[in-house]
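The values are calculated or read from the model by the stated rules, or taken from the named source; none is laboratory data. This one's a predicted model, so the numbers in the text were calculated from it and none came from an experiment. Here the Cβ is made from the backbone with ideal geometry for all residues, glycine too, and neighbour counts use every protein chain on show. Accessible surface areas use protein heavy atoms only, side chains included; no ligands, DNA or RNA. Shrake-Rupley method; radii C 1.70, N 1.55, O 1.52, S 1.80 Å.
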Amino acid sequence: TEVSPDAPVIVAHADQAPAAAPVIYQARVASVQPGAVSAGGLGIPSELDDGKPATQWREELASDGEGQFFTFEPRTAAMHATQVRIVPGNQKSANRLKRIAIVSGSGAWHIDLPDGASDPAGTAYVAELPAPVEGCVTAVIEATYGPQNGATAISELEVFAEGERAGGGEAALAKIVTTGADGLRAAEQQLSRSGAAGV
């Protein structure tokens, strides 16, 4: 994956807290999707961060997914990423993430995940970034649990901005609107789609 083996390692741990779908950082690019025969056929991988573990991203190549990547973009430059949350795909029939790299303009890190094969379905794991990350965040699959040519599945791969899980993404968006900060239009549009929470 060309990420330095000397990059710092973060160990993910089981996440006991409930989590609404992130609204600041959104998955915008996936390097591969089933049925896409070229880059032009790739769509937004919304199944990664829609808050619905039943929807999954799947890699259906003759590999374990190593090197496949996903890029997340913030709705506003004023908010920075601080946490990555992962829910494995079908634990009985698909490979599960073992290590991913997080790459950004301010640095790169490895995230090691436990093998959740025996954990209850839907168990989430979180990793706290060592410092808030500005701008885009790319997650790269480095290793998986399962056979070398097994299909890898991910139910959720989410990036949360600072304070988003504690105060809610809508509160952060509302602050952008009231202060007229960068990303005002995108914040207004997302709030209008959020129903009661947006109000």
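Ranked by solvent-accessible area (1.4 Å probe, protein heavy atoms only, all chains present), the residues Phe69, Phe160 order from largest to smallest as Phe69, Phe160. Would you mind checking segment 49-89 for residues with the amide N under 19 Å from a putative spin-label position 7 Å along Cα→C-beta of Asn149? Output list for this probe position: 59-68. Over segment 60-100, all Cα pairs binned in 5 Å intervals from 0 give whole-percent P(r) values of 5, 14, 22, 23, 14, 11, 9, 3, 0, listed from short to long.
Please report the spacing between the Cα centers of segment 102-165 and segment 51-82 in Å, no decimals. Cα centroid to Cα centroid, the span is 8 Å. The phi-based Karplus calculation (6.51 cos²θ - 1.76 cosθ + 1.60; θ = phi - 60°) puts the 3J(HN,Hα) values of segment 150-166 at x, 6, 8, 10, 10, 6, 9, 9, 10, 10, 10, 7, 4, x, 5, 6, 7 Hz, whole numbers, x for Gly and Pro.
Please list the three semi-axes, largest first and in whole Å, of the ellipsoid equivalent to segment 70-123, using sqrt of 5 times the eigenvalues of its alpha carbon gyration tensor.
Over the Cα atoms of segment 70-123, the semi-axes work out to 27, 13, 9 Å.
Note on segment 69-180: Cα-only Rg and Dmax are 15.4, 51 Å. 3J(HN,Hα) couplings calculated from phi for segment 79-85 with the Karplus curve 6.51 cos²θ - 1.76 cosθ + 1.60 (θ = phi - 60°) are, in sequence order, 10, 10, 6, 10, 8, 10, 10 Hz; Gly and Pro show x. Looking only at Gly116, Gly65, Gly43, which one moves most when the chain is put into a Gaussian network model with springs between Cα atoms under 10 Å? Per the Cα network of the chain with a 10 Å cutoff, Gly43 tops the list.
Calculated accessible area for the chain comes out at 47 Å² per residue, all protein chains present (probe 1.4 Å; ligands, DNA, RNA ignored). Solvent exposure of Ser46, expressed as accessible area, is near 60 Å², computed with a probe of 1.4 Å over the protein chains only.
Counting Lys +1, Arg +1, Asp -1, Glu -1, what net charge surrounds Ala143 among other residues with beta carbon under 15 Å of its beta carbon?
Working: positive: Arg96, Lys98, Arg99; negative: Glu2, Glu59, Asp64, Glu66, Asp112, Asp115, Glu142.
Taking every other residue near Ala143 into account, the sum is -4.
Ile111 exposes around 0 Å² of accessible area when a 1.4 Å probe is run over every protein chain in place.
Return the Rg/Rh ratio of segment 16-130 with Cα-based radii and a Kirkwood Rh.
Rg/Rh: 0.93.
Would you rank Tyr145, Tyr25 by solvent-accessible area, highest first, keeping every protein chain in place and using a 1.4 Å probe? Walk me through the numbers on the way to the answer.
Values: Tyr145 45, Tyr25 0 Å².
Ranking Tyr145, Tyr25 by accessible area, largest first, yields Tyr145, Tyr25.
With the Kirkwood sum run over all distinct C-alpha pairs, the chain has a hydrodynamic radius of 17.2 Å. Remark: segment 109-159 is approximated by an ellipsoid whose semi-axes, taken from the C-alpha gyration tensor as √(5λ), come to 23, 14, 10 Å, largest first.
Expressed as a whole percent, the accessible area of segment 1-149 that falls on carbon and sulfur atoms is 53 (1.4 Å probe). For Thr1, the solvent-accessible surface computed with a 1.4 Å probe is close to 70 Å², ligands and nucleic acids excluded. Ordering Lys52, Lys92 by accessible surface, largest first, gives Lys92, Lys52; the 1.4 Å probe counts only protein heavy atoms, with every chain in place.
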